[in-house]
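Novice: Here it is, the structure, as structure tokens.
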Amino acid sequence: MSIMKTLMGASLLAISAASASAEDIAITGGIAFTNGGKGKVENATVLIHDGKIQSVTAGGEVPAGYRSVDASGKWVTVGLMAAGTNLGLMDVGLSGNINDARASDAKNGIGLEVSYAFNPDTTIIPNTRIEGVTRAVTGFSASKDMWRGQSAVIALAGDDMIVREHAVLSIDMDEGAASSNGGSRAALWDSVITKLEESRPNGDDEGDKKDDDKKDKKPKYDSAKAALDRLFAGEIPLLVEVERKADILNVIKLKERFGIEVVITAGGEAWMVAEELAAAKIPVVIDPIRNLPEDFDTLGQTGAAAGRLAAAGVKVAFLAPDTHNTRLVAQSAGNAVAMGMSWEDAMDALTVNAADIFGVADSYGTLEAGKDADVVVWTGDPLELMTTADAVFIRGEEVPMVSRQTKLRDRYMDLPRSPAYVK
């Protein structure tokens, strides 16, 4: 037997052993919601096998060899997903170290990729996942121009946490971007449209062929071209950060002009053109906690925006309040419900909608057989302020309910009556 065959055999045995060691779990007795805010199953038995959802049934039997998790009187949902984070790209913003989310001097904002900067050991991730958030979109917050590179979808535990390396190509088209890129929206849009026109496939295969004397030359790699090729091939959408109504209408025209998939993020005044967005099939990723005008771009901003968008048929997902408070995205969703959004739509925004918008719906987003077992057992309604996550599973593995914050809490909960240094 050759060395290569021996190594291949050893690798296959290792993979088989790892698969076989995955724990089989039965979550029993809870109220399960299998499809966002829908698919309610009373007295549910959720079976997890080999890291995947096996089945969800009412009062189902627990097979031999499955570890039971008692969820009686509790709620069971898919792990939540938040967008608009810098998870893994930053830790303590004022610590003096590099903030990998801010590539302010990058010459090529389009081609930036999260995977080269992602740190799975950031302390913010455990803080986040023990609150029931198991997936997130992480990306760059700044570059030298209006382009913000390619964001990724991550799972918040596991050996390989980046589950979709190229989820969206991001661009900032709000008032701040216009100020920094030409001083006028006209200059900003001219630059973006020119770049997209130059990158649009022309359909002429002959035009892409090299002369005979250049056939053997290795083409120069261009990360920006690779990102734009993904965009025009329909592999990723363009995530446009924009606020005011007039700019959002221009984004709709941009989609029509180039035939690309587009997603609105921020969207302070998006609700004002909800019907147009629904007709154009453009989703909106919004922070429902924003309830007041912040500048002239957001004069129409309201906490009722998420509910109005969903009611008009727009697919809505939720931004995290900020990276360090990504764990509070469920609280933000509760605010959306308080401001008129239905509970079902809010739960959809935290799960199935986010999965679909960011291209991971084939493996995550519902408690459906064959999908990754991202499952949370809650003490009650996950959108209620006092509810907590009782158990969290990410791709079938139960994560310890421990973070730097819980360790600090436990360490200092019972302080001596006098300072420790007083003897």
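The values are calculated or read from the model by the stated rules, or taken from the named source; none is laboratory data. Small disclaimer: the values here were computed from a predicted structure and weren't measured. Neighbour counts run over all protein chains shown; Cβ positions are idealised from the backbone, glycine included.
Novice: Among the residues of the range 100-126, what is the count of those that are without any contact (Cβ under 8 Å) to a residue 12 or more places away in the chain and either hydrophobic (A, V, I, L, M, F, W, C) or part of a loop (DSSP other than H, G, I, E, B) (or both)?
Specialist: Number of matching residues: 1.
Novice: Being more than 18 Å from Leu328 (Cβ to Cβ), touching a strand residue (DSSP E or B) at 6+ places or on another chain (Cβ under 8 Å) and part of a loop (DSSP other than H, G, I, E, B) narrows it down to one of Thr366, Thr387, so name that one.
Specialist: None of the other options fit; the residue is Thr366.
Novice: Which one of these does Ala152 not meet: (1) touching a Lys or Arg at 6+ places or on another chain (Cβ under 8 Å); (2) at pLDDT below 95?
Specialist: If we test Ala152 against (1) touching a Lys or Arg at 6+ places or on another chain (Cβ under 8 Å); (2) at pLDDT below 95, just (2) comes out false.
Condition check ((1) surrounded by fewer than 23 Cβ atoms within 10 Å (Cβ to Cβ); (2) of a type in the set (S, T, N, Q); (3) touching a residue at least 12 places away in the same chain (Cβ under 8 Å); (4) not in a helix (DSSP H, G or I)) across all residues:
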site: Leu239; (1), (2), (3), (4): no, no, yes, yes
site: Ala246; (1), (2), (3), (4): yes, no, no, no
site: Ile252; (1), (2), (3), (4): yes, no, yes, no
site: Glu256; (1), (2), (3), (4): yes, no, yes, no
site: Ile260; (1), (2), (3), (4): yes, no, yes, yes
site: Thr265; (1), (2), (3), (4): no, yes, yes, yes
site: Gly268; (1), (2), (3), (4): no, no, yes, yes
site: Trp271; (1), (2), (3), (4): no, no, yes, no
site: Ala279; (1), (2), (3), (4): yes, no, no, no
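Novice: Just the residues that are in a loop (DSSP other than H, G, I, E, B) and touching an Asp or Glu at 6+ places or on another chain (Cβ under 9 Å), please, taken from the range 127-140.
Specialist: Passing the criteria: only Phe140.
Novice: Continuing with this model, one more query. Which of the residues spanning the range 40-54 are in a strand (DSSP E or B) and crowded, with 16+ Cβ neighbours inside 10 Å?
Specialist: Listed by number, the residues that qualify are Val41, Ala44, Thr45, Val46, Leu47, Ile48, His49, Lys52, Ile53, Gln54.
Novice: Here is a further query. Whether any residue in the range 124-146 is at pLDDT 95 or above, of a type in the set (Ser, Thr, Tyr) and farther than 30 Å from Trp378 by Cβ is what I want to check.
Specialist: Looking through the range 124-146, none of the residues is at pLDDT 95 or above, of a type in the set (Ser, Thr, Tyr) and farther than 30 Å from Trp378 by Cβ.
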